[in-house]
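Engineer: The structure under discussion is supplied below as structure tokens; questions concerning it will follow.
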Amino acid sequence: MKFMLSTQERERTAWVTRKASELGFDLSGVAPASRFPELDKLGEWLDRGHAGEMRYLHDPRRLSLERAMEGAKSVIVCGASYRTEEPFSTQVLARPDGERPRGWISRYGWGDDYHDVLLPRLRALMAAMRQEFGEEFRAHAYVDTGPVVERVAAKYAGLGWLAKNTCLINQNLGSFLFLGAIVTTLAFEPTLGLAEAPPRDLCGSCRRCLDACPTQAFVAPYVMDPRRCIAYFTIELRGSIPQEFRPAMGQMVFGCDICQDVCPWNQRAARRGPATLGRIPEFRPRLIPPEEAAEGTQIDASPRSLFAPEIEWIASLDEEQYRRVFRRSPVKRAKYRGLIRNACVALGNSGPGLIPESRDRILRLLERLAASPDELIAEHARWALDRLNAAAPSK
Ligand code: SF4
Ligand code: SF4
């Protein structure tokens, strides 16, 4: 009987990973719903205040899958690569455009909102499971916002290792991965056998991510303090960005990819070409119709995308345009006033190398924003004006 059950569990695992691939996932695996050692350190990390304003990280159900679902036996973890052919932030921003300074939207923000893309696929997988497996079970799908720490579960499902930059890295695909999980009361054979360890940590002596972080957000290898991270400032933080960090934010307007872009495992994946690109078309850069370009910005003959857009274009969007452009995009999480705040900081940092006409145009735009009735926008615009004026070449 035990043998029968184990065979059935093995067949379920083979079936579910095949089905996940059919649904567009690049990776999948199953881990037992046991306590993962990494989650035991979560409390200490929270006690140090690292979660900042992200209250959802304090949800006690995140400490173990059994707390997330009573009676849970397995977690199915699915990964979808969102790496596209466009170059890395480090390559683009190393060549500043003195005429039309470019901003950086994190790679994950170029396409459709990953929650909206992955959840229906996970739900389709659960529906297929109900058809395939003739027994009652409970199952719940999570993408990032629930009480499941997907990247930790992904490690124990054999998808990759938890790297010094705190991302999950898959040896073949790198770290530009969206992860989703299904917690279920159904028993599966774990992808990693009983005696098998999770994928080996291949960071070795490398510390490129730690050294490249512009705001020194890593308090130690494998430990990041989000309260120093540009992604936190530009996406999660609702109020004023601490002034001490603004110069180091450079041209980042939504998120920051630096600690992933410098990683040799992502560069290796990029060199290996199209075989390591994501398969889900919704994650490719969204095209912005030219009519959404704001007055005063240059409209290219070709449609623009959210890949390295002009900062002035973002800073000039009105609230209605913002809503239309980012309707299906994860960028909407920053909210209108947050994104314009970020664009002000990026414009303030664009001083070195600007040609005089562009400087004048940007100063006019910032003066307009400094008169905004929204004090958050106005204050960041005033800061940017001061910084640009301080960087002005002497006549
Ligand atoms: S996302 Fe940017 S700011 Fe945040 S830890 Fe990585 S390199 Fe540092
Ligand atoms: S840059 Fe180096 S240390 Fe950082 S995650 Fe990549 S391999 Fe690991």
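The values are calculated or read from the model by the stated rules, or taken from the named source; none is laboratory data. None of these values were measured; they are calculated from a predicted model. Every residue, glycine among them, receives a Cβ derived from its backbone with ideal geometry; neighbour counts consider all protein chains shown. Heavy atoms of the whole protein, side chains included, go into the accessibility calculation; ligands, DNA and RNA do not. Shrake-Rupley method; radii C 1.70, N 1.55, O 1.52, S 1.80 Å.
Engineer: I want to make sure I understand the PRE zone here: with the label point 7 angstrom from the Cα of Tyr56 toward its beta carbon, which residues in the stretch 318-339 have backbone N atoms less than 14 Å away?
Structural biologist: Residues 330-335 fall inside that zone.
Engineer: Further, regarding this structure: Near Leu186, within a Cβ-to-Cβ distance under 12 Å, what is the net charge of the other residues, with Lys and Arg +1 and Asp and Glu -1?
Structural biologist: -1
Engineer: A follow-up question, please. Could you work out the per residue convex hull volume over the alpha carbons of the stretch 218-390, in cubic angstrom?
Structural biologist: About 149 Å³ per residue, rounded to a whole number.
Engineer: With every protein chain present, what is the per residue accessible area of the chain (1.4 Å probe, Å²)?
Structural biologist: Result: 46 Å² of accessible area for each residue.
Engineer: Let me ask another. Count charges around Ala128 for me, please; just the other residues with Cβ under 13 Å from its Cβ, Lys/Arg as +1, Asp/Glu as -1.
Structural biologist: With Lys, Arg at +1 and Asp, Glu at -1, the net is +4.
Engineer: Now a separate question. Residue separation times 0.36 nm, minus the C-alpha to C-alpha distance between Ala197 and Ala378: what's the value?
Structural biologist: Gain in length upon complete extension: 59.8 nm.
Engineer: On a 27 Å Cα-Cα criterion, which of the cross-link pairs Lys41/Lys335; Lys19/Lys335; Lys41/Lys155; Lys41/Lys164 come out too long?
Structural biologist: Lys41/Lys335; Lys19/Lys335
Engineer: Mind checking which aspartates and glutamates have their Cα closer than 12 Å to the Cα of Lys332? Skip sequence neighbours fewer than 8 apart in that chain.
Structural biologist: Asp112, Asp113, Glu236, Glu319
Engineer: Which angle between 0 and 90 degrees, to the nearest 10, do you get for helix 356-370 versus the longest principal axis of the chain when only C-alpha atoms count?
Structural biologist: That helix lies at roughly 70 degrees to the long axis.
Engineer: What spacing in nm lies between the two simple spin-label points modelled at Asp386 and Glu86, each 7 Å away from Cα in the Cβ direction?
Structural biologist: 3.3 nm
Engineer: When DSSP assigns beta bridges and you keep just the ones with both residues in the chain, what percent turn out antiparallel, to the nearest 5?
Structural biologist: Of those bridges, close to 95 percent are antiparallel.
Engineer: Which of the listed residues, Met252, Val219, Ala378, is farthest toward the dipole's positive end in the stretch 218-390, when Lys, Arg count +1 and Asp, Glu count -1 at the beta-carbon?
Structural biologist: It is Val219.
Engineer: Relative to the compact globular guide of 2.2 N^0.38 Å, what is the alpha carbon radius of gyration of the stretch 79-227, as a ratio?
Structural biologist: Normalised Cα radius of gyration, the stretch 79-227: 1.26.
Engineer: Can you compute the charge dipole magnitude of the stretch 218-390 about its Cα centre, using +1 on each Lys and Arg Cβ and -1 on each Asp and Glu Cβ, nothing else charged? Give it in debye, rounded to the nearest 20.
Structural biologist: Roughly 760 debye for the stretch 218-390.
Engineer: Given R₀ = 30 Å, what would the calculated FRET efficiency be for Glu244 paired with Trp15, taking r from the Cβ atoms and rounding to 0.05?
Structural biologist: 0.05
Engineer: Further, regarding this structure: Relative contact order of the stretch 218-390: what whole-number percent is it, with Cα pairs under 8 angstrom and at least 6 residues apart?
Structural biologist: Dividing the mean separation by the residue count of the stretch 218-390 yields 24 percent.
Engineer: Let me ask something additional. Quick one, what does Rg over Rh come out to for the stretch 1-141 if you take C-alpha atoms and the Kirkwood Rh?
Structural biologist: 1.08
Engineer: Rank Pro330, Pro37, Pro190 by mean-square fluctuation in a GNM of the chain with C-alpha springs under 10 angstrom and give only the top-ranked residue.
Structural biologist: Pro37
Engineer: About the Cα centre, and with charges only on the beta carbon of Lys, Arg (+1) and Asp, Glu (-1), how big is the dipole of the chain? Nearest 20 debye, please.
Structural biologist: 540 debye
Engineer: Along the charge dipole of the stretch 218-390, which of Ala269, Pro242, Leu339 sits closest to the positive end, that is, farthest toward it, with unit charges on the beta carbon of Lys, Arg, Asp and Glu (+1, +1, -1, -1)?
Structural biologist: Ala269
Engineer: OK, next. Please report, to one decimal in angstroms, the Kirkwood hydrodynamic radius of the stretch 171-252 built from all distinct Cα-Cα pairs.
Structural biologist: With all distinct Cα pairs of the stretch 171-252 included, I get 16.5 Å.
Engineer: Moving to a separate point now. Report the GluC sites (Glu not before Pro) located in the stretch 12-119 that are in a DSSP loop and have at most 16 other Cβ atoms inside 10 Å of their Cβ, or state none.
Structural biologist: Glu53, Glu70, Glu85, Glu99
Engineer: Please report the carbon-and-sulfur percent of the accessible area for the chain; probe 1.4 Å, protein heavy atoms only, DNA, RNA and ligands left out.
Structural biologist: Taking all protein chains in place, the chain shows 52 percent carbon and sulfur surface.
Engineer: Right, next: With axes computed from alpha carbons, what is the tilt in degrees of helix 375-390 against the longest principal axis of the chain, rounded to the nearest 10 within 0 to 90?
Structural biologist: Once rounded, one gets 60 degrees.
Engineer: Let me check I've understood the local charge: for Ala72, count other residues with C-beta under 13 angstrom from its C-beta, Lys and Arg +1, Asp and Glu -1. What total comes out?
Structural biologist: Residues near Ala72 contribute +3 overall.
Engineer: Relative to the longest principal Cα axis of the chain, at what angle does helix 114-132 sit, 0 to 90 degrees, rounded to 10?
Structural biologist: For 114-132 against the chain, the angle is about 10 degrees.
Engineer: Let me test this: with uniform point scatterers at the alpha carbons of the chain, what is the Debye-based log₁₀ I(q)/I(0) at q = 0.15 1/Å?
Structural biologist: -1.38
Engineer: Moving to a separate point now. Calculated FRET efficiency, Ala371 and Ala220, Cβ-Cβ r, R0 51 Å, to nearest 0.05?
Structural biologist: 0.70
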